[in-house]
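Notes for the one structure printed next.
Nothing in this text is a laboratory measurement; each read-out follows from the coordinates by a stated rule. All figures in this text were calculated on a predicted structure; none of them were measured in a lab. FYI the Cβ positions are ideal-geometry reconstructions off the backbone, even for glycines, and counts take in every protein chain you see.
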């Protein structure tokens with residue numbers, strides 16, 4: 001009777017209510033298993049194309065390795081005479097021969113055959129770890145097209161796919177034992193004949209199951225699983241559509257490719273050669289990316305976790321590796337954990353870029369705090385939270401009202417290297433109030449130890465006192481290890497397997513007062529070409545020119561070569577004046593072909609940094625600027641093919657270093673109108689047609705009409721400026 005009474009004490013946990021709970025759990029488990037199976041099928045579809053491709057690439061590498069290298073693996077113990085006499089010249093030939101066939105060779109016994117195959121297999125394994133696929137979008141064959149289509153399904157599913165699969169795995173691990181343990185409680189008769197301990201376990205499992213289902217509902221896991229399964233089960237994208245998407249989101253494709261092929265970068269290098277203790281602490285932190293809209297590459301995720309785990313740090317990755325998105329990921333993690341107030345301080349030239357990036361790459365609220373309305377915007381941020389974006393100069397004017405600051409991000413942190421300046425003092429004051437502080441700079445600090453000490457003193461005074469010029473003189477890895485608690489830097493070569501061949505960045509600027517006056521005059525005149533170059537009409541006040549100088553400065557710090565393209569000679573003249581004697585050129589249509597090649601040769605000849613100026617339409621085919629790692633487009637082009645052909649001169653498949661393409665754009669101007677118009681149907685049609693024989697023969701045939709586009713934009717801009725929004 002006592003046992004029956006114990007069962008009756010919790011009647012709500014037995015009978016129909018329990019059966020409904022068990023049915024709900026079974027349905028959720030079914031969804032969890034389904035999403036994992038759907039994801040596995042999508043991954044298998046990629047591997048079906050990728051694995052033979054990687055095997056082929058590895059085969060080519062092995063075919064170039066002399067058979068004598070087998071001796072190195074066996075420390076000279078393997079006798080190769082019989083194999084060489086039989087015509088074996090490469091490791092690839094040995095690796096591709098069956099053991100039985102090797103033993104048929106005169107002079108090759110069982111031991112020699114086994115030893116040779118083991119050595120060849122060891123080399124093959126090492127080669128397989130190093131080969132990686134580079135996707136040539138300008139010469140797509142059937143295999144590459146199939147790979148891009150297969151990858152598209154996973155890219156389209158986005159970060160939610162990985163979140164769903166991970167959540168499904170955790171949920172199944174949690175629910176499976178609870179469902180089994182709770183099963184007896186679903187049948188009243190069975191419970192009556194169940195012992196006290198078993199009944200208690202069943203009722204406890206029912207309670208735990210209810211809590212787990214409530215938690216899953218709060219996290220919206222049923223909806224997540226369902227949506228991801230729908231995304232993964234969509235019909236395959238068409239070949240042209242997949243290639244267009246690859247062009248727009250190549251970084252996400254390459255990130256997936258590196259993950260699935262196992263050809264990621266060397267872990268120590270990708271983690272900045274951090275000491276094991278620090279690296280382990282960073283790896284142990286699980287990044288909450290529920291408020292991100294993009295997938296991070298492996299080294300980017302590590303960078304964000306480094307900032308969170310170490311709390312007050314400098315990330316000094318080489319330009320082009322995505323320092324901004326690492327900072328946004330750290331902010332998004334803190335926001336997902338309930339933090340509310342974040343502040344980004346940056347040069348005025350990149351403030352609008354930060355605003356666009358925060359909105360595009362996360363669900364965080366971005367509030368620009370600068371200009372005449374900055375105090376009102378600051379008050380709005382104080383009341384509602386979000387990511388406040390301000391400039392170094394504006395920061396000094398903001399009141400210190402005690403707002404709790406979760407994270408301070410300082411972009412281009414070398415701007416505050418001099419502690420005596422007011423901007424540095426303002427940053428230091430805010431840094432004292434923030435729990436997390438992240439400085440970003442692309443300048444290699446191992447070459448500027450005193451500058452680094454000044455920066456790190458605002459973050460970790462104890463570390464600043466132990467860093468000396470000796471650490472810099474000992475080399476970059478020695479320096480990084482010495483300052484590891486607060487400094488992380490990766491170069492492109494450290495993470496090359498995770499990078500796409502081309503990285504495109506739109507650099508949005510706001511007109512300065514001088515720019516705006518020149519632009520208004522150009523619009524009033526109705527001269528489209530004058531409107532396009534108005535951003536450089538007053539060089540001393542040009543926001544675009546200021547950003548161009550910053551990009552060139554960072555490239556110089558990293559020893560990178562730069563090509564600057566513009567349609568206009570006047571713009572190149574202004575750029576040349578701003579950069580001074582370091583710039584070669586400009587290359588223009590009026591220069592003889594031989595002289596153009598001389599300039600390119602001079603630009604390419606020396607090691608390290610150099611800048612070449614060129615009209616975008618000059619040079620034609622055959623002008624190879626492959627030495628460049630950075631391409632700057634001074635303005636968008638009416639014909640997208642012009643941009644692609646210009647970039648192609650700097651980028652060639654097989655190039656070791658990724659090429660970064662920076663396009664300078666002015667917000668609320670002819671630039672924005674052109675980008676918007678060309679991004680629509682006409683732009684996509686061009687992206688399809690550009691790969692065809694027609695486009696190769698006559699690119700003008702697939703471009704938007706110059707005259708029609710110009711008239712439309714002039715009219716729109718005249719109307720917009722005549723009737724500004726309230």
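Using only helices, what value at 222 nm comes out for the chain when you add -39,500 (n - 2.57) per DSSP H run of length 4 or more and divide by the total residues, to the nearest 500 deg cm²/dmol?
Working: 36 runs with 413 residues, N = 726.
Per the formula, -17500 deg cm²/dmol.
Arranged by the count of other C-beta atoms within 10 angstrom, fewest first, what order do 30, 454 take? Show your work: numbers first, answer last.
Working: 30 11, 454 18.
The fewest-first ordering by Cβ neighbours comes to 30, 454.
Send over the per residue convex hull volume for the stretch 4-144, Cα only, as a whole number of Å³.
Details: hull volume 35.2 nm³, N = 141.
About 250 Å³ per residue, rounded to a whole number.
Return the inverse of the average 1/r over all pairs of distinct C-alpha atoms in the chain, which is the Kirkwood hydrodynamic radius, in Å to one decimal. Before the final figure, lay out each step's value.
Details: mean 1/r = 0.0339 Å⁻¹.
Final number for the Kirkwood radius of the chain is 29.5 Å.
Please work out the Cα center distance from the stretch 524-574 to the stretch 403-442, rounded to the nearest Å.
Using only Cα atoms to place each centre, the spacing works out to 29 Å.
If you take every DSSP beta bridge whose two residues both sit in the chain, what share of them, in percent to the nearest 5, is antiparallel? It would help to have the intermediate numbers written out before the result.
Numbers: 2 of 51 bridges.
Antiparallel bridges make up about 5 percent of those DSSP assigns within the chain.
Order 336-349, 55-68 from most to least packed using the mean count of other Cβ atoms within 10 Å.
336-349, 55-68
Beta carbons within 10 angstrom, averaged per residue: use that to sort the peptides 711-723, 357-369, highest first.
Working: 711-723: 14.4, 357-369: 18.9.
Ranked from most to least packed, the peptides come out as 357-369, 711-723.
Above 26 Å lies some portion of the pair distances; for the stretch 265-497, what is it as a whole percent of all C-alpha pairs?
Percentage above 26 Å: 32.
What order, most packed first, do the peptides 578-591, 300-313, 556-569 have when packing is the mean number of other Cβ atoms within 10 Å of each residue?
In decreasing order of mean packing, 578-591, 300-313, 556-569 become 300-313, 556-569, 578-591.
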